[in-house]
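The structure under discussion appears below in the form of structure tokens.
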């Protein structure tokens, strides 16, 4: 416990805070400059659709490479070896679903939200309400995981101990995020993500070259270093199964996780919303290509960093540090470049949380203002676009406050399952409806509602009664055991069930709007009358 | 500054125009070209990913075979997932630029030109 109070040994919290403060100052200036052109709903939600494909691709990787995928994957590889690598592959291959099936058609059809696309040829109010419910659910689970992670990072990197110190830092992160979103809208948020992505990727590149240099640019000797340092379980680091290979159930769990990872990405609302920030579908395609290349290269870096942390820091020190696996990458930075590099990596880790929560908040607030307020409550008869944007800003404020409170309450909980839950909900409640709407003529309101509400309900019920919540090895609620579903990841059951529900709901209803389907199909494939960029 | 906030989800031309375009042989060709590429490719990469996950999950012996130094079959297949992802991305972009965009642009030009 002594270590918990000390943060990472050799870390210089003042230096870490200064580097982070510089990042905040620079991004705030940019956000203020961006805010001068934020006037209409299209500016606020979609940055006037004025970003280029490459810019948006970098922002997507900034949005997608969360603290979980930077600190989490590097740490998982350092401790569990090969099994940690499997996360990267699922997270990367998932982008092919977005590239081939979703990105361009979504950009051509929609305006601001997921609801725009799935409600296109359906009865507007019920389907938009369902899309908003699932968007808010995914965003909230993801947001809570990020904010709780911020609490852990504070302990790890700034050496701030005690409840009040940590609560204060979570509140600061929340307030900064609200500022970015309220002032800068989507344009400000996007610039924060671009800057953060560039810093993160350059930092990871420098560390990767440094690690490889230490082993004479020989990957096999790097692996040997990790094996030697790993002690008795060292050789197992190179082979699959160290983490998930123990029992039949854990193997099924791994399969379930793998499926949710690959199908979840193309249903994540904050990823989908990014496709609306470019002028055309062709730019959406370019964005995904840039994102795939950057994310792919970054995951190759984490492979080196993970084994590098195993070889140069060693699992004993990582497990003894506060935050355990999450501390692998920061400890490696300290080992390589001393307190300055650690300070840089710490600041990047904080910037990562800030950028990801800002992206989630703007998505959730857009979904509430555009789908629920403008189309469900006001039935599409909003007096002015300004009113809708005002509602979005108030919603962002409320979500920000909820995230701060949630982050403080959840900070000592094991919330790792929340990210898996967010991916499982995205893959179950969103993806089937998106694909059916875009490609299946016969799909209708009833199918969309069955699939979205059914998928959401099944996923949440299975998680609540899973070993992640009670009765497992690291449950959220200790002391009781009410689990009956054996897997921590519900995807294996919930994803096929949601596809099936969408199919059944559609065939059991006679509703079919031939004209709207014709309009949707022609628009989605050709881009005719797609939302244009605003000229400034 | 000129902003045009377009609100035309429900007002984009009469439904008949869309249905006429949808029924045209040109559009059928565009749909056919898109689907004959993306559907088989999606099946291909999902099966290939699933094979990889199942091997990593249930074929530990095979994945642990060392090839060069410490570099084993598992790492090779894992890195091949990266290669295949990059390759499919490149193939799709090339296909879309050559076979999809020209047809889509032509149909879009006809719709938007005719509406004005």
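Residue count for region A:212-259, restricted to those that are buried (at least 17 other Cβ atoms within 10 Å of the Cβ) and on the phi > 0 side of the Ramachandran plot: 1. In region B:91-104 there is no residue that is over 21 Å from residue B:22 (Cβ atoms), in contact with a strand residue (DSSP E or B) (Cβ under 9 Å, 6 or more places away or on another chain) and more than 7 Å from every other protein chain (Cβ to nearest Cβ). For region A:8-112, the helices (runs of 4 or more DSSP H) that sit wholly inside it and include 1 or more residues that are within 11 Å of chain B (Cβ to nearest Cβ) and more than 22 Å from the chain's Cα centre (by Cα) are A:41-46, A:82-97, A:103-109.
Screening the candidates A:454, A:479 for the property of being assigned to a helix (DSSP H, G or I) and more than 19 Å from residue A:255 (Cα to Cα) yields one hit, A:454. Restricting A:511, A:488 to residues that are in a loop (DSSP other than H, G, I, E, B), closer than 19 Å to residue A:432 by Cα and more than 14 Å from chain B (Cβ to nearest Cβ) narrows the list to A:511. Identify all residues within region A:113-132 that are outside any loop (DSSP other than H, G, I, E, B) and under 22 Å from residue A:358 (Cβ atoms); write none if there are none. If the condition is that a residue be outside any loop (DSSP other than H, G, I, E, B) and under 22 Å from residue A:358 (Cβ atoms), then A:114, A:115, A:116, A:131, A:132 are the ones that fit. If you check residue B:88 against the conditions, is it at pLDDT below 95, part of a helix (DSSP H, G or I) and within 8 Å of chain A (Cβ to nearest Cβ)? Taking the combined requirement at face value, the residue does not satisfy it.
For region A:472-485, give me each residue that is surrounded by 16 or more Cβ atoms within 10 Å (Cβ to Cβ) and either in contact with a helix residue (DSSP H, G or I) (Cβ under 6 Å, 6 or more places away or on another chain) or at positive phi (or both). Of everything in region A:472-485, just one residue is surrounded by 16 or more Cβ atoms within 10 Å (Cβ to Cβ) and either in contact with a helix residue (DSSP H, G or I) (Cβ under 6 Å, 6 or more places away or on another chain) or at positive phi (or both), namely A:485. Those residues that are farther than 24 Å from residue A:90 by Cα, in contact (Cβ under 8 Å) with a residue 24 or more places away in the chain and at the interface with chain A (Cβ under 8 Å from one of its Cβ atoms), I need them from region B:30-49; list them, please. Once the filter is applied, which keeps residues that are farther than 24 Å from residue A:90 by Cα, in contact (Cβ under 8 Å) with a residue 24 or more places away in the chain and at the interface with chain A (Cβ under 8 Å from one of its Cβ atoms), region B:30-49 yields B:30, B:34.
Under 26 Å from residue A:100 (Cα atoms), in contact with a helix residue (DSSP H, G or I) (Cβ under 7 Å, 6 or more places away or on another chain), surrounded by fewer than 17 Cβ atoms within 10 Å (Cβ to Cβ) and away from every other protein chain (no Cβ under 14 Å): is that true of residue A:504 in this structure? So residue A:504 passes the test. Residue A:154: at pLDDT below 90 and either within 18 Å of the chain's Cα centre (by Cα) or not in a helix (DSSP H, G or I) (or both), yes or no? No. The lone criterion from (1) part of a helix (DSSP H, G or I); (2) within 14 Å of chain B (Cβ to nearest Cβ); (3) farther than 19 Å from residue A:179 by Cα left unmet by residue A:430 is number (2). Within the option set A:405, A:425, being crowded, with 23+ Cβ neighbours inside 10 Å and assigned to a helix (DSSP H, G or I) holds for one residue only, A:425. Of the residues contained in region B:60-76, one or more are found to be within 20 Å of residue A:295 (Cα to Cα) and at the interface with chain A (Cβ under 8 Å from one of its Cβ atoms). Can you pull out every residue in region A:515-536 that is within 7 Å of chain B (Cβ to nearest Cβ) and crowded, with 18+ Cβ neighbours inside 10 Å? Of everything in region A:515-536, those that are within 7 Å of chain B (Cβ to nearest Cβ) and crowded, with 18+ Cβ neighbours inside 10 Å turn out to be A:518, A:519, A:521, A:522, A:525, A:526, A:527, A:528, A:529, A:531, A:534.
If you go through region A:344-367 one residue at a time, how many are surrounded by fewer than 24 Cβ atoms within 10 Å (Cβ to Cβ) and modelled with pLDDT of 90 or more? Residues in region A:344-367 being surrounded by fewer than 24 Cβ atoms within 10 Å (Cβ to Cβ) and modelled with pLDDT of 90 or more: 0 in total. Of the residues making up region A:382-402, those that are buried (at least 21 other Cβ atoms within 10 Å of the Cβ) and free of Cβ contacts under 8 Å to residues at least 12 places away in the same chain number 0.
With respect to the conditions (1) part of a helix (DSSP H, G or I); (2) at pLDDT below 90; (3) under 26 Å from residue A:176 (Cα atoms), residue A:374 lacks only one, and its number is (3).
The values are calculated or read from the model by the stated rules, or taken from the named source; none is laboratory data. Every value quoted in this text rests on a predicted model; they were computed, and no experiment measured them. Reconstructed Cβ throughout: ideal geometry from the backbone, glycine too, with neighbour counts over all protein chains shown.
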